[in-house]
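The next block holds one structure in the form of structure tokens; read it before the comments.
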């Protein structure tokens, strides 16, 4: 096969991580036709931003936890049998079904891969009866995460994907440098970015200006030079990032127009 036969990139997988309350979920919600697999805090940050800005946007969301799922939309997609499964099994099945059914330029958002890894650990504890999980069980963890990575890159999928993760700070044992990296057990923290077309770190700062607290955000591209990020580096770092600002860069990389934002914050969120 020749390079010319591979074709242009048709869909994006984006890995977006950062500290708590940096605005990762709010930023992801601005992408076209978002559909959330919500594993964290039930989109509180987006609900607050929508109320504060008196916005009227809406989108589909699936809240997944260890309890039996009663959401009719989930049952319609995955079946009643999966509603009683663990959060890990439910998320795997739901991801598979959404990747099969969502159209081009819809955005599937996994919020978050860090919480999903916690559900996977609970699944392994239950299936092995090891609590905490033992050394040999981490091999199973690695294989499950690798399978999920492959699922997100499925050639059958048409939609874009945003994987949201939490930030971890570690010390490089060779250099002593402090690195901000994806919070994920095992070396999967370095391997997961390899599935992404774009790898972004969202930084948030807050300071007092007079008697008023001012928030600012920066979207940093290819944040860790030592990791195999897989980023195509289509963009420059962006201050106060929104999908509206990001969109021209993605259009240039994909070679086609993308839909309008679901919404755009009018002030810092």
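Read-outs: derived from the displayed coordinates by stated rules, not from any lab. Predicted model, so just to flag it, every value in this text is computed and none were measured. Quick reminder, even Gly has a Cβ in these numbers, built from the backbone with ideal geometry, and neighbours come from all protein chains shown.
Enumerate the residues in segment 40-73 having an amide nitrogen under 15 Å from the point lying 7 Å beyond the Cα of residue 122 toward its Cβ.
40-42, 63-70
Name the most mobile residue of 34, 193, 185, meaning the one with the largest mean-square fluctuation, in a Gaussian network model of the chain with Cα contacts below 10 Å.
Most flexible of the set in this elastic network: 185.
Would you mind classifying segment 168-208 by shape? Square roots of the alpha carbon gyration tensor eigenvalues, ordered a ≥ b ≥ c; an a/c under 1.5 is rounded, otherwise it is prolate if a/b is larger than b/c and oblate if not. Working shown, then result.
Working: a/c = 2.37, a/b = 1.21, b/c = 1.96.
Oblate, since a/c reaches 1.5 and b/c is not below a/b.
Could you tell me which of rounded, prolate or oblate describes the chain, using a ≥ b ≥ c as the square roots of the eigenvalues of the alpha-carbon gyration tensor, with rounded for a/c under 1.5 and, failing that, prolate when a/b is larger than b/c and oblate otherwise? The partial results should precede the final answer.
Numbers: a/c = 1.25, a/b = 1.19, b/c = 1.06.
Rounded, because the longest to shortest axis ratio a/c is under 1.5.
Mind checking which of 57, 123, 82 has the largest fluctuation in a GNM of the chain, springs on alpha carbons under 10 Å?
Maximum among the listed residues: 57.
So, in nm, how far is label residue 151 from label residue 264 when the simple model puts each one 7 Å beyond its Cα toward the Cβ?
3.5
Pull out a ≥ b ≥ c, the square roots of the eigenvalues of the alpha-carbon gyration tensor of segment 98-218, then state rounded if a/c is under 1.5, prolate if not and a/b is larger than b/c, and oblate in the remaining case. Before the final figure, lay out the partial values.
Working: a/c = 1.99, a/b = 1.23, b/c = 1.62.
Here segment 98-218 falls in the oblate category.
Spin-label point model (7 Å from Cα, Cβ direction): what's the residue 73 to residue 139 distance in nm?
4.1
If I take R0 = 35 Å and measure r between the Cβ atoms of residue 60 and residue 129 in this structure, what FRET efficiency does the formula 1/(1 + (r/R0)^6) give, to the nearest 0.05?
For R0 = 35 Å, the calculated efficiency reads 0.45.
Using a 10 Å cut-off around each Cβ, can you sort 153, 189 from fewest to most neighbouring Cβ atoms?
Lowest count first: 153, 189.
When only Cα pairs under 8 Å and 6 or more residues apart are kept, what is the percent relative contact order across segment 10-254? Working shown, then result.
Numbers: 416 pairs, mean separation 62.2, N = 245.
Once divided by the residue count of segment 10-254, the mean separation gives 25 percent.
With springs connecting C-alpha atoms under 10 Å apart, model the chain as a Gaussian network and identify which of 218, 70, 142 has the largest mean-square fluctuation.
Judging by the Gaussian network model, the answer is 70.
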